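Readers should treat all values here as calculations from the given coordinates under stated rules, not as data from a laboratory. Model, not experiment: these values are computed from the prediction. Counting neighbours? That spans all protein chains shown, and the Cβs are built from the backbone with ideal geometry, glycine included.
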């Protein structure tokens, strides 16, 4: 099956406020989807629901054809560890850990930390950070933090990669580098969802949606899914 | 995960050290109190079991602390006529009597053994007080060149000891009593009298009371099981000018004093421990909320609520364990200091707790304090494990 993630008629309300209404889409292997929309429009909420970080008020979320509706928090955590990688709006690094340890952190929770050190080093080398392995986040630049955050998301080769404003606040050169890294994951079979304000980044996705008034509308179709 | 716990504690070094310090103080107090309490309890128990004197009689007007007289030979140069022994023996209800003769402390002028030891003359024929402490067979007589040593009298040769320039044959070493008896050198009455007779500072005493050969320092009395001790005391006072002290009252007063002391210090220790635990609870409760975004991040990685709880409890356990170990080291020092004080004032009989006992309370304290520390973090851990994972998307930067 090619579908990695499917949302069916997702609705999210906070009290009487409707944040998402009848949102549906599918994410196939090797494709990238971009979601744009104005601030406060519910993009982060939608990404949280895709990332199994919060539940929808109604509708269905399927990960690799598994409907998560009946899963408890323990099962959801296991599913996140197995299927999902996150690139957050801010780097979200742990200040007590070094760059290398930050990249390895996801592996610790799935008990694979001892086997992943070399992969973590390889990723940091790929992002030009092999000389910063033992540095703490507070000793690194914003661009370096973002690259570490990206390396962390890629470490376990998650089938689904979710990125929340990954190029926000970055200079054009660094934004391009981050975008390339994210989109390259497609070639390894991952499905990528990027929430962004950056039109350049959105244009590089296979499909782009605009989140408006709680609904998801396709606005651009760039190229066919590979 | 252990690395995560360790790194997090190091990152918040000052906070961690503060809690480690307060736990260490609590553990130190609890450890030293338990060790001292055990030593004094054992000493009291041994004294009750083996020191059979029901009444201690001292010269009238003697103001020495009765416990010092009861639990060994006080360095008291107070004397009364030896004829009083027969008078006391004749009192109805008196089962047995034995006299003792105190010399001065040997600390000032004894260059041979050079410590705070004192020489006591005793009568082996009538004695039942010292006999239970002797490892070898009880002697019914002791020659003037023979000595029985208390357990803590330092000796460098196996069979002989030089005291004030005279060599004595060591015929026995008493078991540890936890009292001043441990520092005593027991000789015949004649020998003790000979030693003090040459002491010029006591010349006024001999001029007033007669030569040492006719004197004793104390009479230890055992009464019949069915005797009314108050009546016996009253009858003894009729015999002559003496001051009878009822041993049970002294022992009870000492036990009461120690109980108050233990409750007071133990209470302070317990309060310190409680404060440490509240501090620990407060710290982890606050941290749980401050670190919501961090927990959310771990949950996004695939950590379960149980993993988050383990990180929080693990941090608390490591802090408590470190505090306990440091506290035990501090407690050992505090215990040694307490012993020095106890030995200096000899307020309570004391028998050193065994290494086994000390090791077992050390292990017990480590287990209990680490467990309590983990328990204090339990509620924060429970709350941390239930944090909404989406906080990682919505919270600001985290520490």
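Of all the options B:191, B:294, B:315, the one that moves most in a Gaussian network model of chain B with Cα springs shorter than 10 angstrom is B:294.
Using only the alpha carbons of the protein assembly as shown, what is the convex hull's orientation-averaged projected area in square nanometres? About 40.6 nm², averaged over all directions. Across the stretch B:214-258, the residues whose backbone nitrogen lies under 17 Å from the label position 7 Å along the beta-carbon direction of residue B:60 are B:216-219, B:233-245. Label-to-label distance for residue B:169 and residue B:201 is 3.2 nm, based on points extended 7 Å past Cα in the beta-carbon direction. In this simple spin-label model, placing a label point 7 Å from the Cα along the Cα-to-Cβ direction at both residue B:249 and residue A:212 gives a separation of 10.3 nm.
Our summary gives chain A a relative contact order of 30 percent, counting only alpha carbon pairs under 8 angstrom and 6 or more residues apart.
For the protein assembly as shown, DSSP calls about 65 percent of its internal beta bridges antiparallel.
Taking 0.36 nm per residue of separation and subtracting the current Cα-Cα distance, fully stretching the chain between residue A:157 and residue A:169 would add 1.7 nm. Shown is the FRET efficiency for residue B:12 and residue B:157, computed with R0 = 41 Å from the Cβ-Cβ distance and rounded to the nearest 0.05: 0.10. For chain B, relative contact order (Cα pairs under 8 Å, six or more residues apart, normalised by length) works out to 29 percent.
Fully extending the segment from residue B:274 to residue B:260, taken as 0.36 nm per residue of separation minus the present Cα-Cα distance, adds 3.0 nm.
Tell me, what is the FRET efficiency for residue B:208 and residue B:144 to the nearest 0.05, using R0 = 22 angstrom and their Cβ-Cβ distance as r?
Values: r = 26 Å, r/R0 = 1.18.
After rounding, the FRET efficiency stands at 0.25.
Once the Cα atoms are used to define both axes, helix A:172-184 deviates from the longest principal axis of chain A by about 70 degrees.
As a calculated quantity, the FRET efficiency between residue B:379 and residue A:3 at R0 = 45 Å, using C-beta atoms, amounts to about 0.60.
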